[in-house]
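The values are calculated or read from the model by the stated rules, or taken from the named source; none is laboratory data. Note that the coordinates shown come from a computational prediction; the quantities given were computed from them, not determined experimentally. Glycine gets a Cβ as well: all are built from the backbone with ideal geometry, and neighbour counts include every protein chain shown.
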């Protein structure tokens, strides 16, 4: 009984610190990964580094994935599990000779094809708000057991300082922008859509949206989490707070999203651009292949309850993942919807 109580106490404690390692190296069919995005001040360079672990029945290992937003190239570097270490007192992950924290990353990678060295420091970090009943972006869903995949936002936006040497080329991230999130569980969802942007004209604005098919106890539901941060305030749209998605469709290389609650409506247009291939988890094994872009363009408009535009802006170098089947749950059956069929007259010029 005492062991069970200690386990439950530990799980509750970890729920309030989603940024730290949530699992155990003794687990099977489990993955955990952190996503560190970096965009240079001139927007010419964009790199995401994804450290993580894969614990499967057949083979377990740690890894670092790298994606180049400019050309879509990617690299997956496996490490022995014993080369993975962490701290419970704060966000600190070490894989091989590289270190990933909430204050900096220190890269020292050499797998023959790719050699990366350098340090990028973070400052002026904006954290997603939390309280007793809502320890992170998943709200009270953070406490729900048997979830296939959980999600955490470590830093909504922050400033960068530093540089890295990649295969002999120096990449300058001084005065750039960064973002950190993570996922953990058994598998990524069957289908989902994910958008992340924080390189808007307004320097401190940040936007996140994800929607997925979520299996639970033999059934499933469509859940979503989203926020717009600007002017020092969070505008939140989530399944668990009564918000809704009134539109989600694609047309050509564009995706259109409309979110709403009793106070605000948010309209979003995402234009897909260069994408690269990443590995994704299935029952802990990194055996799935997905496409991700960190070169998308996001335009958005926020309205008040009376339909007045509060804010419009556009971000380049946005993160974007799309698994097409998610559109089937919003009335699309594999064919693309034409823009003319929507209430596009409500969309500001920035979104057209």
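Taken as a whole, the condition of being surrounded by fewer than 17 Cβ atoms within 10 Å (Cβ to Cβ), over 17 Å from the mean Cα position of the chain (by Cα) and in a strand (DSSP E or B) does not apply to residue 248. Inside region 230-245, residues that are buried (at least 19 other Cβ atoms within 10 Å of the Cβ) and under 25 Å from residue 323 (Cα atoms) make up a count of 5.
Considering only region 110-139, state which residues are more than 19 Å from residue 182 (Cβ to Cβ) and in contact (Cβ under 8 Å) with a residue 12 or more places away in the chain. Steps first, answer last, please.
At the first step, the residues of region 110-139 found to be more than 19 Å from residue 182 (Cβ to Cβ) are 110-119, 121, 123-124, 131-133.
Correct list: 111, 113, 114, 115, 116, 117, 118, 119, 121, 123, 124.
Being at pLDDT 95 or above and on the phi > 0 side of the Ramachandran plot is a description that does not apply to residue 260.
Taking residues in region 70-89 that are in contact (Cβ under 8 Å) with a residue 60 or more places away in the chain, and partners anywhere that are part of a strand (DSSP E or B) and surrounded by fewer than 17 Cβ atoms within 10 Å (Cβ to Cβ), the pairs with Cβ atoms closer than 9 Å and at least 6 places apart or on different chains are 72/277; 72/291; 74/277.
Among the residues of region 211-229, write down those that are in a strand (DSSP E or B), touching a residue at least 24 places away in the same chain (Cβ under 8 Å) and surrounded by fewer than 19 Cβ atoms within 10 Å (Cβ to Cβ). Matches in region 211-229: 213, 215, 216, 222.
Can you tell me which residues in region 84-127 are assigned to a loop (DSSP other than H, G, I, E, B) and buried (at least 17 other Cβ atoms within 10 Å of the Cβ)? Steps first, answer last, please.
Residues of region 84-127 assigned to a loop (DSSP other than H, G, I, E, B): 87-91, 96-97, 102-103, 111-114, 127.
91, 96, 102, listed by residue number.
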